[in-house]
Amino acid sequence: MSTAATSLPDRNAAEAVALTSDATMPEMRARRMRQRRQMYAGQVVSYSLGASVLLLYARDGAVAMAVPSLFWLGGLLIIGTFAVLSEAGVGDRHSDHYLTVFQISAHMALQFMFLVSAPTVGIAFIAVLFLIFAFGTLRMTSSQAMVTWGLATCGLGLVFLASDLPIGLPVGTRLERAASMLCFVLVIGQCAFLGLFGATLRKILYRRSIELKAAYQRIEELAELDELTGSYNRRCIMRHLDAEIEISRQAATPCAIALIDLDWFKRINDAHGHPVGDEVLRTFAITIFANIRPADRFGRYGGEEFLLLLPGMAGDVASRMLDRLRGIVADLDWSAFSPGMRVTISAGVVTLRDNDTADTFLARADRALYSAKAQGRNRIASS
């Protein structure tokens, strides 16, 4: 027999979408309201189908003629109560905005009430309990499932153990057999629908999990990158520096770093404006990326200072590489940003020593950079 357990249970799928979107809270609440309205409409249809089957039993005299009407009205009363609570926003104040436990308990109570009132077709009402719980598993937590299972167990215990009701399913006439068949056909069909929905839901959630994983990966990447230049930010490049120092010592391989500064960058900002200065920084970063090895690490150390990690590279090779980068930057046509503009860099290059820490390593690179500036800029100094 079809009952209120058959709704349109698209809560989880839609909420999975909502959780991964940037929808505002009012939009999410409006979406939930639409979902609940769809569910209540489905429940009305479900109770109507169930009442129609009871009407077949009533026409054959298996139950009183009042049973189908009372069953339908009882279902509408439950649905209407929860619909009113939904429209009032009561559910939105709870983590389970469908009030699943309360709904399942109310619908189970109605089934038990009619099981006691019309025991001759009691198996039909009992069969519906499976459907109710199949519906509930799409929404309930483990604790909620235990509570509702306990309530169902108590109800069944009272019916079977505390009474001698003649619970049955009439099949004495052709009409009764047809009605009994429809009971199980509708229950099986709705269980199949819920199973198909569960499979679809798993696919949706699996796809959403992949999308979330990609989104989290992108967030992690953005958290490591300097927004303006696309190079590593200071926190990330310092983490890479610590890692490269450890690798160099374990493998007994050389490691060099270069602290790079754009010469007279403040003058560029003052003369041409910060938007042009930003474009200069971006172009410089792109140029460096295009001319270093895949194993090298390049990050913005602060302002117009950048740190370049050169694992496995000796000092003299690193100095030649930085001088090549210096020449490439100086030879770029910077006049595209402003006529007559010229951009150069200075850098301090140092190699790792046995007693170096990240701080002392950087301090030596900073002294070498200061030396390059003191010598007139647009040059490379090593230490």
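Here are the numbers for the structure shown:
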{"item": "Positive-end residue, region 311-362 charge dipole about Cα centroid, Cβ charges, pick of S319, I345, A358", "result": "I345"}
{"item": "Label-point separation in nm, R202 to F130, each point 7 Å along Cα→Cβ", "result": "2.0"}
{"item": "Shape call, region 279-383: gyration tensor on alpha carbons, a/c limit 1.5", "result": "prolate"}
{"item": "Test item: Cα-centred dipole of region 128-259, Lys/Arg +1 and Asp/Glu -1 on Cβ, debye", "result": "480"}
{"item": "Sum of -39500 (n - 2.57) over DSSP H runs of 4+, divided by residues of the chain (222 nm, nearest 500)", "result": "-22500 deg cm²/dmol"}
{"item": "Relative contact order [Cα under 8 Å, 6+ residues apart], the chain, whole percent", "result": "14"}
{"item": "Rounded FRET efficiency, nearest 0.05, which uses the C-beta distance separating R93 from L228 and R0 of 45 Å", "result": "0.55"}
{"item": "Along principal axes, Cα extents of region 54-130, largest first, whole Å", "result": "47, 21, 15"}
{"item": "Cα gyration tensor shape for region 34-175, rounded if a/c is under 1.5, else prolate or oblate", "result": "oblate"}
{"item": "Helix runs (DSSP H) in the chain reaching 20 Å along axis by Cα, Kyte-Doolittle at least -1.0", "result": "25-59, 66-87, 100-117, 122-136, 142-161, 174-224, 234-251, 274-290, 315-331, 358-374"}
{"item": "Kirkwood Rh, angstrom, the chain [1 / mean 1/r, Cα pairs]", "result": "27.0"}
{"item": "Region 231-347, dipole about Cα centre (Lys/Arg Cβ +1, Asp/Glu Cβ -1), debye to the nearest 20", "result": "200"}
{"item": "Rounded accessible area of L70 (nearest 10 Å², 1.4 Å probe)", "result": "100"}
{"item": "Net length gained if the chain between S371 and A64 were fully extended (0.36 nm per residue, minus Cα distance)", "result": "100.2 nm"}
{"item": "Global form of region 199-323, assessed from the alpha-carbon gyration tensor, a/c cut-off 1.5", "result": "oblate"}
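The values are calculated or read from the model by the stated rules, or taken from the named source; none is laboratory data. Keep in mind that what you see is a predicted model, and the values were worked out from it rather than measured. Note that each Cβ is placed from the backbone with ideal geometry, even for glycine, and that neighbours are counted across all protein chains shown. Ligands, DNA and RNA are stripped out before the accessible areas are found, and what is left, the full protein with its side chains, is counted by its heavy atoms. Shrake-Rupley method; radii C 1.70, N 1.55, O 1.52, S 1.80 Å.
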